[in-house]
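Trainee: My questions will all concern the structure given below.
The values are calculated or read from the model by the stated rules, or taken from the named source; none is laboratory data. Keep in mind that what you see is a predicted model, and the values were worked out from it rather than measured. Glycine also receives a Cβ, built like all others from the backbone with ideal geometry; neighbour counts cover every protein chain displayed.
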Ligand SMILES: *Cc1c(COP(=O)(O)O)cnc(C)c1O
């Protein structure tokens, strides 16, 4: 028998994570299924930003670098990201952006595997991952970027490979790699691994230590709720810290930045991956984003995420199954925290449900993406989103010309 809206209300009443929704400021009536692109505003962020600006910057000024611990924020926040990804606190640094961290870590990996010149990655990876590697290859003689289809990765790992760069949860399909198996395959070939965790951190349980990952990067503005353009993070396994050298050897990665000496010498630990003065305003917002995970177990987040996705697929297939092709794994074990549906008019259909207050997004050529963020997505949201989608399809509302006009950001 199909589920009723009351059944979904009951699921919310029984949800052990329901309390966390109050940690966010969500516009009334909005069903926000795009936390995988930009996480919503944590309720505590505006007041904390105001206080930080007025008191720490406004009154305490330069003394705040010491007095309010500004200088250690990249490491302190790294330590808060660590439990979300199964890393030790001293292995994670919050700095720069995902793209820049990819550049730093990939260049470092080439240096750690002298004589090897190939970086293997997946075709159709998130574009910036591919672009950053292409840029790196242009500036490093003989470096080759070998992008191959997912199923051909194992055979692409030969003796020339220095690094395997993969995105754990695919941005379009949500498809998850078997991190442990792929890392082992890279290690068996003598290569290092760099995992892009942008679509997994805060949504999927991760254990970088158990998987023996070498290097990783991740995003602050998606599931970590750090705000638009929030800093990213990077992970360097403890066993590699002494051999890690950044190509962006800025003064704040120096062993003694305030001695102002002429010659570069790397700081000890993960701090050596730092380049510039951290953006304290941005880190303050990210800190509030990370606090929304306080006291929450990633296993509970993952369990709810899988259930939300399964239920959404079930409802869509019941009400408008023949309209869409499933663009993600049906088995939630291999699906990130999103459901992707395929339709040749996907762009207009997405615009039509956005006009009804159901916010997902569209990715070329035909993918409608619905992201589930267990800290604030309710079971009724899943029910109502599917109902709106079904109505838009049944009425043909999406055919209105205004829904076909393309905006710059999709
Ligand atoms: C969102 C995302 C990024 C973002 O990169 P920025 O440089 O921080 O803008 C990178 N890689 C993947 C896989 C992403 O999903």
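Trainee: Filter segment 118-138 down to residues that are surrounded by 22 or more Cβ atoms within 10 Å (Cβ to Cβ) and more than 21 Å from residue 363 (Cα to Cα) and give me whichever is nearest to the ligand (Cβ to nearest atom).
Mentor: Checked segment 118-138; the qualifying residue nearest to the ligand (Cβ to nearest atom) is 133.
Trainee: For segment 208-235, name all the residues that are part of a loop (DSSP other than H, G, I, E, B), within 12 Å of the ligand (Cβ to nearest atom) and out of contact with any helix residue (DSSP H, G or I) (no Cβ under 6 Å at 6 or more places or on another chain).
Mentor: Residues satisfying the conditions are 221, 222, 223, 228, 229.
Trainee: Still on this structure, I have one more. Tell me the residue from 300, 242 that is assigned by TED's automatic domain parsing to the domain that holds residue 212 and part of a helix (DSSP H, G or I), please. So that I can check it myself, show each step before the final result.
Mentor: Numbers: 300 fails: assigned by TED's automatic domain parsing to the domain that holds residue 212.
Sole residue among the options that is assigned by TED's automatic domain parsing to the domain that holds residue 212 and part of a helix (DSSP H, G or I): 242.
Trainee: Could you tell me whether any residue of segment 195-207 is within 23 Å of residue 333 (Cβ to Cβ), outside the structural domain of residue 365 (by TED's automatic domain parsing), in contact (Cβ under 8 Å) with a residue 40 or more places away in the chain and more than 16 Å from the ligand (Cβ to nearest atom)?
Mentor: yes
Trainee: Tell me which residues, restricted to segment 303-336, are more than 19 Å from residue 384 (Cα to Cα) and part of a helix (DSSP H, G or I).
Mentor: 303, 322, 332, 333, 334
Trainee: With the condition being more than 28 Å from residue 342 (Cβ to Cβ), I'd like the helices (runs of 4 or more DSSP H) fully within segment 119-207 carrying at least 2 qualifying residues.
Mentor: Details: elements: 127-139, 153-156, 179-188.
Answer list for segment 119-207: 127-139, 179-188.
Trainee: Kindly indicate whether any position in segment 214-231 is modelled with pLDDT of 95 or more and more than 16 Å from the chain's Cα centre (by Cα).
Mentor: So far as segment 214-231 goes, yes, one or more of its residues are modelled with pLDDT of 95 or more and more than 16 Å from the chain's Cα centre (by Cα).
Trainee: So, residue 142, is that one away from the ligand (no atom under 16 Å from the Cβ) and over 14 Å from residue 218 (Cα atoms) or not?
Mentor: Judged against the criteria, residue 142 is a match.
Trainee: With respect to the numbered conditions (1) touching a residue at least 40 places away in the same chain (Cβ under 8 Å); (2) over 21 Å from residue 369 (Cβ atoms); (3) assigned by TED's automatic domain parsing to the domain that holds residue 301, which one is the sole condition not fulfilled by residue 38?
Mentor: Just one mismatch for residue 38, condition (2).
Trainee: I would also like to ask the following. Just give me the residues in segment 87-103 being in a helix (DSSP H, G or I), within 16 Å of the ligand (Cβ to nearest atom) and within 11 Å of residue 216 (Cα to Cα), in sequence order.
Mentor: Within segment 87-103, 98, 101, 102 meet the criteria.
Trainee: Are there any pairs with C-beta distances below 7 angstrom linking a residue in segment 47-63 that is at pLDDT 95 or above to a residue that is in a helix (DSSP H, G or I), with the two at least 6 apart or on different chains, and if so which?
Mentor: 48/284; 48/288; 49/284; 49/285; 52/284; 56/64; 57/64; 60/67
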